[in-house]
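What follows is one structure encoded as structure tokens, with my remarks underneath.
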């Protein structure tokens, strides 16, 4: 398991027996994760089967972030991975931040919740994107 996120690493330490690789790099206190070129360099040295990538904002155009140092990490994980899955809740759809990190065409699948507007679902499917919608309970 590879992550740049301290919360995920901490959870896995307490609840699994898997091997954990943390990217290291500059610490983003707000998100409790590592960002920047050091983290990206670590990711580029790996061969990853499946990546689950999140974003603070996404739209039909792609995922975006307000922080430039997160772009290199997202691009590095995408290029190091055989399969890329975007995991993003519907409340973040339609929001746009300053930096375009990855176009949606880079993802093999998108997982979101059923709060996504029907018009957005149609637009994503029209782009031939694989969309998996989780039901809110």
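With a ≥ b ≥ c taken as the square roots of the eigenvalues of the C-alpha gyration tensor of the chain, please select rounded if a/c is under 1.5 and otherwise prolate if a/b is larger than b/c or oblate if it is not?
Because a/c hits 1.5 or more and a/b exceeds b/c, the chain counts as prolate.
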On alpha carbon coordinates alone, what is the Rg over Rh value for the range 1-63, Rh being the Kirkwood radius?
0.98
Per-peptide average of other Cβ atoms within 10 Å, ordering 125-136, 44-55 highest first:
44-55, 125-136
Quick one: helix 68-80 against the long Cα principal axis of the chain, what's the angle to the nearest 10°, folded into 0 to 90?
90
Could you give the angle, 0 to 90 degrees to the nearest 10, between helix 6-15's Cα long axis and the longest principal axis of the Cα atoms of the chain?
80
Counting only DSSP beta bridges with both residues in the chain, what percent are antiparallel, rounded to the nearest 5?
40
What is the spin-label model distance, in nm, from residue 19 to residue 44 if the labels are put 7 Å beyond Cα along the C-beta direction?
2.3
Given the peptides 105-111, 71-77, arrange them by the average over their residues of other C-beta atoms within 10 Å, most packed first.
71-77, 105-111
What 222 nm value per residue comes from the helices of the chain, counting each DSSP H run with n ≥ 4 as -39,500 (n - 2.57) and dividing by all residues, nearest 500 deg cm²/dmol?
-8500 deg cm²/dmol
Using Cα pairs closer than 8 Å and at least 6 residues apart in sequence, work out the relative contact order for the range 2-134, in percent.
20
Starting from 0.36 nm per residue, how many nanometres of slack lie between residue 130 and residue 60 once their C-alpha separation is accounted for?
23.9 nm
Max mean-square fluctuation residue, GNM over the chain, Cα-Cα springs under 10 Å, options 18, 28, 88
18
Virtual spin-label span in nm between residue 99 and residue 37, 7 Å along Cα→Cβ:
1.3
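Values in this text are rule-based calculations from the coordinates and carry no lab data. None of these values were measured; they are calculated from a predicted model. Positions of Cβ are generated from backbone atoms using ideal geometry, with glycine treated the same way; all protein chains shown enter the neighbour counts.
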